[in-house]
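Reading through the structure tokens given below for one structure.
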Amino acid sequence: MRVVLGTTLSIFTVCAAFGQPAEPAPAFEVASVKANAAGAGGEGPGRGRETVTPSPAGITMKNVHLKSVIQWAYHLQAIQVSGPAWLDDNRYDIVAKTAGEVPTDQQRVMMQTLLAQRFKLVCHPETKDMPAYVLTVAKGGHKMKKAESEGEMEVKPGGSNRMVASFSKVTVAQLAEFASSPLQGVVVDQTGLKGGYDFTLDLSQLMGGGDFKPTGIDDMITLFIQAAKEQLGIIIEQKKVPAELLIVEHAEKIPVEN
């Protein structure tokens, strides 16, 4: 079994620099790409949180690493993108608009075009056997509530309690993407579940009334796996699988002017 965590078409049509396409590559109607001066080296407000805000009419990215933009464009998790160290250092602001309403998957392809044009991105796919966290449904069934409406997923942190988050209209595939951060690895959805769900993940419930304090990534991984099983009815197991990777060969630090 080969695990492809992004859009298959996207990762195998990666980087138009390898040949001229038969037709013009899909592109945004207008796009602004700027280096985030406050986030490029040193300290300052620009060193804060990245924000990625998609909509049917385009996408706005603020304070993002180029690696994060590549992840979004090719629908990959962080561990699947490999390249120069600065991809995870320099930060940018990107505002891209479409001529009309365009589905997210199509906008990802448009972002690939933007990366090739503005950052001169050159990259290629590879397949590598690597450990991954595989999601399956527990024997008793899952405990998530089917979403009553459609639309973009919503994730709301639990205020001052960073161990709690509420999810709305989230597919299990999106949950797998979200879980790649706390699990620090590739996450594969093998549940077979379709559509969106509403649920809450509360890691603080598993901390014994405050007696247990996670001290490192291993503790956080254990908490997340336990919470997924007990609160969502989702089993997370680590297995070795063939995974698709994206290797960045070249990219420019300074994007082409708008």
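The values are calculated or read from the model by the stated rules, or taken from the named source; none is laboratory data. Note that this is a predicted model, so its numbers are computed, not measured. Here the Cβ positions follow ideal geometry from the backbone for every residue, glycine too, while neighbour counts run over all protein chains shown. We work out accessible area using only protein heavy atoms, side chains counted, and drop any ligands, DNA or RNA first. Shrake-Rupley method; radii C 1.70, N 1.55, O 1.52, S 1.80 Å.
Can you list residue pairs whose Cβ atoms sit under 9 Å apart, with the first residue in region 51-73 being in contact (Cβ under 8 Å) with a residue 40 or more places away in the chain and the second being among the aromatic types (Phe, Trp, Tyr) and open to solvent by 30 Å² or more (accessible area, probe 1.4 Å)? Count only pairs 6 or more apart in sequence or on different chains.
That search, which allows pairs on different chains as well, returns Pro54/Trp72; Ile59/Trp72; Leu66/Trp86.
Condition (residue is crowded, with 21+ Cβ neighbours inside 10 Å and modelled with pLDDT under 95) applied to region 37-56: is it met by at least one residue?
yes
Residues of region 138-154 being open to solvent by 70 Å² or more (accessible area, probe 1.4 Å), under 14 Å from Gln174 (Cα atoms) and either touching a strand residue (DSSP E or B) at 6+ places or on another chain (Cβ under 6 Å) or at pLDDT 95 or above (or both), which ones?
Passing the criteria: Met153, Glu154.
Of the residues Ile247, Ile221, Ile236, which single one is free of Cβ contacts under 8 Å to residues at least 40 places away in the same chain and within 18 Å of Met130 (Cβ to Cβ)? Spell out how you get there, then give the answer.
Numbers: Ile247 fails: free of Cβ contacts under 8 Å to residues at least 40 places away in the same chain; Ile236 fails: free of Cβ contacts under 8 Å to residues at least 40 places away in the same chain.
None of the others qualify; the one that does is Ile221.
Sort out which residues of region 217-253 are within 26 Å of Lys139 (Cα to Cα), open to solvent by 80 Å² or more (accessible area, probe 1.4 Å) and of a type outside the set (Asp, Glu), and write them in order of number.
Hits for region 217-253 are Thr222, Lys229, Gln238, Lys239, Lys240.
Condition first: open to solvent by 40 Å² or more (accessible area, probe 1.4 Å) and over 14 Å from His250 (Cα atoms). Now tell me which residues in region 110-130 satisfy that.
Residues satisfying the conditions are Glu126, Thr127, Lys128, Asp129.
Need the failing condition index for Val102 against (1) among the β-branched types (Val, Ile, Thr); (2) within 17 Å of the chain's Cα centre (by Cα); (3) part of a loop (DSSP other than H, G, I, E, B), just the number.
(2)
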